[in-house]
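Only one structure is covered here, and it is reproduced in the block below.
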Amino acid sequence: MSGRPDPSRAGFDDRLDERKAKAGRWKAAFLAAASLAVVSLAVLVLSIVDDAFGYVVIRYAVNPAELTDGRELAELTDGELLELLQAQAPARRLRALEREAPLAGRGHDELLSLIEAEILKPEIAAAYSLAESLFDKRRIVEESKAEFPDGYLSFRSWLSPSFLGSSLNAKPLSTGVLTAIKGTFLTILVAMATALPLGVAAAVWLEEYARDNWLNRLIQASIYNLAGVPSIVYGMLGLAVFVRLLAPLSSGAVFGLAAEGMEANGRTVLAAGLTLALLVLPVIVISTQEALKAIPSTLRASSLALGATRWQTVWHHVLPASAGRVMTGAVLALSRAIGETAPLVVVGASTFLTQDPTGIFSPFTTLPIQIYQWTSRPQPEFRHLAAAAIITLLGLMLILNAFAIVARQKARAKGNPS
Amino acid sequence: MTLTERRPLPPDTAAAPGQAEETATDTQASPWAIEAQKLNIQYGDFHAVKNLDLRVPRNRVMAMIGPSGCGKSTALRAFNRMNELIPGARADGKVLFHGQDIYSPGVDPARVRRWIGMVFQKPNPFPKSVYENVAWGARINGYKGDMDELVENSLRQSALWDEVKDKLKDSAYALSGGQQQRLCIARAVALKPEVLLMDEPTSALDPVSTAKIESLLAELKTRYTIVIVTHNMQQAGRVSDRTAFMLLGDLVEEGDTRELFLNPRDERTENYISGRFG
Ligand SMILES: Nc1ncnc2c1ncn2[C@@H]1O[C@H](COP(=O)(O)OP(=O)(O)O)[C@@H](O)[C@H]1O
Ligand SMILES: [Mg+2]
């Protein structure tokens with residue numbers, strides 16, 4: 001390297017500083033975009049968490065302290081609880097309860113909840129957000145004392161084991177998402193059990209068998225277009241076909257399995273599941289096709305060169321090698337199906353279920369439907385219930401995604417090149 | 001004995017009674033394992049193999065040489081109908097195997113490939129265990145004998161047994177490239193085929209692995225007929241009994257390997273083997 005460049009190597013002006021400055025600006029722009037995504041996610045999470053926890057003021061019809069002379073209810077023996085119940089609850093209710101099951105034979109926890117439901121009758125008088133509860137506690141204390149002198153202030157986690165384990169009812173303090181969780185599981189089960197085999201089969205046809213002719217190109221184009229159809233349209237389709245046209249089938253009447261008085265009602269788990277199946281079918285077909293495309297053609301060639309049929313090649317080599325990716329696609333589809341609300345509203349999700357769904361012919365509700373209904377109620381406590389249900393839904397999705405990752409790792413560990 | 005029969009009879013065993021005579025004539029009278037007649041292969045409008053007439057002698061190694069793109073692989077694939085996997089490829093003409101055209105209607109390509117096996121340029125074992133790689137083809141073709149024995153014999157024939165006998169349950173992907181290629185040979189010979197087609201089987205391998213496979217070919221030809229495509233003339237000279245030289249889709253000349261290298265009849269052959277092009 002001498003100071004003066006060799007004249008035959010002249011003719012370049014590298015302007016490195018300028019290029020570096022430009023690179024720096026782009027780098028900053030990329031970082032800003034990524035940060036914005038993180039910030040909006042954080043805002044979302046915070047706003048949900050803000051509603052899911054916080055102080056509540058509870059008022060009782062009968063003050064629990066008066067009831068027990070200051071002792072904690074939970075400390076009483078079964079006998080004392082029973083006495084309390086018999087002394088305080090209206091005789092008509094007692095007779096009705098006795099008819100359901102003898103009161104004397106009921107356990108401690110059950111007696112406690114009966115006392116709560118029949119005598120104490122707690123109600124939410126006011127509910128506060130987490131931010132208020134953390135940073136403005138003094139104001140809450142003063143305000144609640146002034147407004148509800150007979151109220152009890154306590155910190156409440158709206159998301160709780162009893163929230164997850166309780167069926168839907170009308171009281172914000174004791175309602176839960178179990179009904180919606182069961183409904184979600186059942187509809188998703190129907191949807192995936194239908195869409196996964198159908199979608200994989202269709203993808204195998206298109207990738208492994210179909211020739212490049214107008215018919216198959218038409219099928220392919222339709223599938224791409226179907227993937228982009230708004231979900232409400234699938235809801236209309238589901239309503240017309242599964243709910244109305246196939247009502248005897250989707251209500252279970254043809255099998256003699258319809259819920260009593262529901263023979264003409266096709267608004268069941270089955271109809272909802274099939275509607276969701278239609279919705280995710282194109283997604284599964286396309287993702288499976290991508291998975292099959294990723295398998296090197298040499299794998300197929302080496303199988304066929306041994307005298308294998310196409311089916312043996314697909315079944316023994318191509319599908320196992322692509323299983324990880326197929327599963328990933330299936331879980332993406334499932335995540336989409338779990339969150340769908342609009343088509344299920346159209347198909348006729350129940351606004352209020354008094355019984356948990358027990359099978360595919362039951363009326364249904366799902367988590368997103370439940371969230372939607374709670375958010376549309378005017379009373380503020382339902383907003384907190386909705387937040388807890390949202391966390392439940394997100395948790396469910398996370399669990400499913402974790403399953404997908406495990407499934408993919410397993411498939412990879414088998415030595416498959418996918 | 002025909003390829004259209006329902007039963008996949010090995011061509012060299014006795015055929016059904018009524019056909020015994022015909023079989024005897026066609027297997028014993030014809031010294032050719034494969035006979036291509038006026039074979040033309042096109043990719044769309046592109047004529048890749050033109051009017052190929054080639055006879056491959058039984059239990060010999062035939063090398064196909066020629067510059068890159070001259071149609072060697074295309075012709076080779078046409079010998080067991082693997083060309084059908086390529087969209088847009090068309091073949092016409094005949095390829096006779098035991099006197100029967102493998103392209104005649106009613107012949108199932110799966111049965112053709114079961115008797116005429118193939119080893120590819122890049123080692124491509126299945127993502128399964130070593131054992132399963134060898135056993136799978138035999139199993140789907142209805143092998144009824146002792147599978148362990150078949151796997152061992154096939155691996156021995158491919159000079160791989162000693163290296164993998166303790167790793168039969170391991171993934172084939174854990175083997176070296178050269179071992180993988182010999183595993184692919186074992187996988188093919190496990191079907192006890194008649195012909196093995198090899199498309200540049202050593203071009204992705206190191207010299208030591210290449211040498212192992214080359215010496216293996218001399219063993220294999222006692223049981224199988226081998227057609228090997230190579231762009232390496234030294235390799236053709238070392239391993240083959242006969243050599244076919246192709247250029248731009250034409251078969252220029254075919255003959256005894258020594259003869260072809262020492263006294264080429266065609267000027268183009270001479271130019272090629274003396275390194276003037278290709
Ligand atoms: N799938 C294909 N589609 C179109 N043309 C092809 C295809 N495969 C090969 N060809 C053409 O056919 C000719 C012969 O190819 P190939 O048989 O692979 O040659 P070689 O094996 O002798 O190198 C080449 O010109 C190549 O470009
Ligand atoms: Mg080639």
query: Roughly how big is the protein assembly as shown's charge dipole about its Cα centre, with Cβ charges of +1 (Lys, Arg) and -1 (Asp, Glu), in debye to the nearest 20?
result: 1580 debye
field: Theoretical FRET efficiency, 1/(1+(r/R0)^6), r = Cβ-Cβ of residue A:246 and residue A:96, R0 25 Å, to 0.05
entry: 0.05
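Taking other Cβ within 10 Å of each residue's Cβ, how do A:85, A:304 sort, fewest first?
A:85, A:304
I'd like the FRET efficiency for residue B:38 and residue B:86, computed as 1/(1 + (r/R0)^6) with the beta carbon distance as r and R0 of 30 Å, rounded to 0.05.
Working from the Cβ atoms, E equals 0.90.
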query: Charges only on Cβ, +1 for Lys and Arg, -1 for Asp and Glu: so what's the dipole of the range A:52-157 about the Cα centre, in debye to the nearest 20?
result: 300 debye
statement: In the range A:178-415, taking the dipole from +1 charges on Lys and Arg beta carbons and -1 charges on Asp and Glu beta carbons about the Cα centre, the listed residue (A:186, A:322, A:226) farthest towards the positive end is A:322
Span from the the range B:199-278 Cα centroid across to the the range A:234-248 one, whole angstrom: 68 Å
Cβ-Cβ FRET estimate between residue A:66 and residue A:104, R0 fixed at 22 Å, reported to 0.05: 0.30
- request: May I ask which residue of A:30, A:165, A:269 lies farthest towards the positive end of the charge dipole of the protein assembly as shown, with charges of +1 (Lys, Arg) and -1 (Asp, Glu) on Cβ and the Cα centre as origin?
  value: A:30
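Kindly work out what percent of the DSSP beta bridges joining two residues of the protein assembly as shown are antiparallel, to the nearest 5.
The antiparallel fraction comes to roughly 65 percent.
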field: chain A, relative contact order in percent, only Cα pairs under 8 angstrom and at least six apart counted
entry: 19 percent
query: Most mobile of A:72, A:208, A:116 per a Gaussian network model of chain A (Cα springs, under 10 Å)?
result: A:72
statement: Checked against the positive end of the charge dipole of the protein assembly as shown (+1 on Cβ of Lys and Arg, -1 on Cβ of Asp and Glu, about the Cα centre), the farthest of B:39, A:90, A:209 is B:39
- prompt: Which distance in nm do the two modelled labels at residue A:219 and residue B:146 give, with both placed 7 Å along the Cα-to-Cβ direction?
  reply: 4.7 nm
- request: Working from the alpha-carbon coordinates of the range A:181-229, get Rg over Rh, Rh being the Kirkwood radius.
  value: 1.14
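Normalised by the residues of chain B, what does the relative contact order come to in percent, with Cα pairs under 8 Å and at least six apart? If you can, show how the numbers build up before the last one.
Numbers: 511 pairs, mean separation 69.0, N = 278.
That works out to 25 percent.
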Percent of alpha-carbon pairs separated by more than 45 Å within the protein assembly as shown: 50 percent
query: With springs only between Cα atoms under 10 Å, which of A:370, A:379, A:289 fluctuates most in a Gaussian network model of chain A?
result: A:379
- request: With springs connecting C-alpha atoms under 10 Å apart, model chain A as a Gaussian network and identify which of A:132, A:340, A:66 has the largest mean-square fluctuation.
  value: A:66
task: Under 18 Å from a label point 7 Å along Cα→Cβ of residue B:203: give me every residue in the range B:107-147 with its amide N that close.
output: B:118-125
- prompt: In a solvent-free Debye calculation with one equal scatterer on each Cα, what is log10 I(q)/I(0) for the range A:178-415 at q = 0.10, 0.11 Å⁻¹, listed in the order of the q values?
  reply: -0.55, -0.65
Cβ-placed point charges (K, R +1; D, E -1), dipole of the range B:176-278 about Cα centre in debye, nearest 20: 460 debye
message: Starting from the 7 Å offset along Cα-to-Cβ, what nm value, one decimal, do you get for the label separation of residue A:17 and residue A:134?
response: 4.8 nm
message: If I model a spin label as a point 7 Å beyond the Cα along the Cα-Cβ vector, how far apart are those points for residue A:117 and residue A:86 in nm?
response: 2.1 nm
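Values in this text are rule-based calculations from the coordinates and carry no lab data. Everything numeric in this text was worked out from a predicted model, so none of it was measured. A quick note on method: Cβ atoms are made from the backbone with ideal geometry, for glycine too, and the neighbour counts reach across all protein chains shown.
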